[in-house]
Structures are given as structure tokens and as C-alpha cells.
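Input: a single structure, listed below in C-alpha cells.
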Amino acid sequence: MHSLSDSILEAFSLLFSGNAELWQIIGISFQISTTAILIAAIPAILIGFILAYTDFPGRRLLISIFNTLLAVPAVVVGLSLYIVLSRQGPLGEWHLLFTQTAMVLGQITLSFPILVAMSHSAFQSAEIRAWDTARTLSSNALRAFLIMLREVRFGLLGALLAAYGRIIAEVGASMMLGGNILHYTRNIPTAIALETSKGEFAQGIALGIILLLMSFLLTTVLHYLQGRGMLAHAR
């Protein structure tokens, strides 16, 4: 049995030797999470904008619902979609369970409330006069909306980074919806869980290093954007 130091050395060897299986797992993980964010971003930001600048019956209830969904565990989301997509479920005929599409749906569901809540906060952080000014300067609502996007761009980028960091590291929904199938649905978190359960730590450590580096990068960029956003508001 390898010692911890041996496993760490082997992990770095796997990373720098270009191990095909390891980098395929990493590629699948980033592909699925990036697809989920790209699909969820636009509708979530639109909802955040509507909640920030319009008043309608049920608005406060919707805000409360999205804020509540932030705390829903990934495994609960996975279980809910598993029931819906299973053979006995309402969408069972689509045969989506244990596919990358099911994993994308799970990650969209997880990222959506984060994107809505954080984009809503970003739009609210801008002065209400900014929206009035944008509407005055623009000939149509779409152009005014694009002006507001530029006004709160740092907050929105922060929302995207926070949501991305959340979904790429979650294991519960990915395991239940993807089935951890090698070369198809095995991503970084599910591979770490599998290798650790088998007592094979080298690949798990290597993938953990990738997640740590990505987390550090996202956190650094997020702090930078927050700093830029505060400077922009101070001017």
C-alpha cells in the first residue's frame, strides 16, 4: 500500500505526464459545467433584472423562493431530477438518466438560483437613477438593458464565477444523474469519490489539486472584480 507521500508524488506524475484518462475526466467536468452556465446565465440575469427594477404581485415571494433555493443541497436536486427522469418518472421516455444531458440539467438547476440572487443584488446595488438615466438616453428598452449590464458588469461576472465554482465541485447531483460512467459521465468530483472509496488516492489527489487551483483562481478573480466594482461605484 502506498504511503501518502508516494500518492502525492504519483498524483503530480499523473498531472504532468498527460495521463489520458485523468485529463478526459477533467475535460468532461469543464465541458458539462460550462454548458450549464452558458444555458442558465441569460434567463437568470433577465429574471434578476426584472426582480430589481419592476414591481408586480408576488415579486417578494419570488425573491424569497430564489434565496431559499440557494440552501438546497445538491443531493436533493439530484434526487428530484432522478425521480423525474427515471423510467417511472414523467420524463422517463426521454431516456436522459445517466447521460451528460441529465448532468447539465442538474447543474443548471443548482446554478440558476445563485445567478438570479446574485444578479438581483448586483442590479440593486446600482442607483435607481442609473436605470432612469439609461432609459432616457436610449431609444428602446433593449439598449437601456445593455447599458445597465455594463453598469453592473463586475457584479454579474462575480455571480457567474460563484455559480461556476459551485457546480463544478458538486458531487451529489452528478453521481445520481450521471452514474459515474467512465469516458462519459465521470467528472472530477465523482472520480475523486470513487478513487478514494477504492483506496486509490493518487488520481483523487491529482483531481483534487485541479479543483484547488481552480478554486484559488476563481476566488482571486472574484476578489479582483469586487474591488473593481467598488472603485467604479466610488467614482
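Taken together, the values in this text are just the output of simple stated rules run on the coordinates, not laboratory data. Since this is a predicted model, take the numbers as computed values, not measurements. Don't worry about glycine lacking a Cβ; one is built from the backbone with ideal geometry, like all the others, and counts go over all protein chains shown.
For this structure, a couple of remarks:
- Relative contact order (%) - criterion: Cα under 8 Å, at least six apart; region: the chain: 30 percent
- Using R0 = 22 Å, the C-beta based FRET efficiency linking residue 79 and residue 34 works out to 0.35.
- Computing Rg and Dmax of the Cα atoms in Å directly from the structure and comparing it against (i) 16.1, 45; (ii) 20.6, 71; (iii) 16.9, 51 singles out (ii).
- In the chain, the calculated helix contribution to ellipticity at 222 nm averages -26000 deg cm²/dmol per residue, counting -39,500 (n - 2.57) for every DSSP H run with n ≥ 4.
- By the count of other C-beta atoms within 10 Å, a proxy for reagent exposure, 84, 116 are ordered fewest to most as 84, 116.
- Against the chain, whose longest principal axis is taken from its Cα atoms, helix 188-197 shows a tilt of about 30°.
- Rounded to the nearest 10 degrees, the inclination of helix 153-168 to the longest alpha-carbon principal axis of the chain is 30 degrees.
- FRET efficiency for residue 20 and residue 209, using Cβ-Cβ distance with R0 set to 22 Å, rounded to 0.05: 0.80
- Segment residue 198-residue 12, length gained on full extension (0.36 nm per residue, minus Cα span): 65.0 nm
- In loop segments of the stretch 71-156 as defined by DSSP, the trypsin sites (Lys or Arg not before Pro) with at most 15 further C-beta atoms inside 10 Å of their C-beta are 87.
- The peptide list 76-83, 218-225, put in order of mean Cβ contacts within 10 Å with the highest first, becomes 76-83, 218-225.
- Point-to-point label distance, residue 65-residue 42, nm (Cα→Cβ direction, 7 Å offset): 2.3 nm
- Computed E for residue 91/residue 140 - FRET, C-beta separation, R0 35 angstrom, nearest 0.05: 0.35
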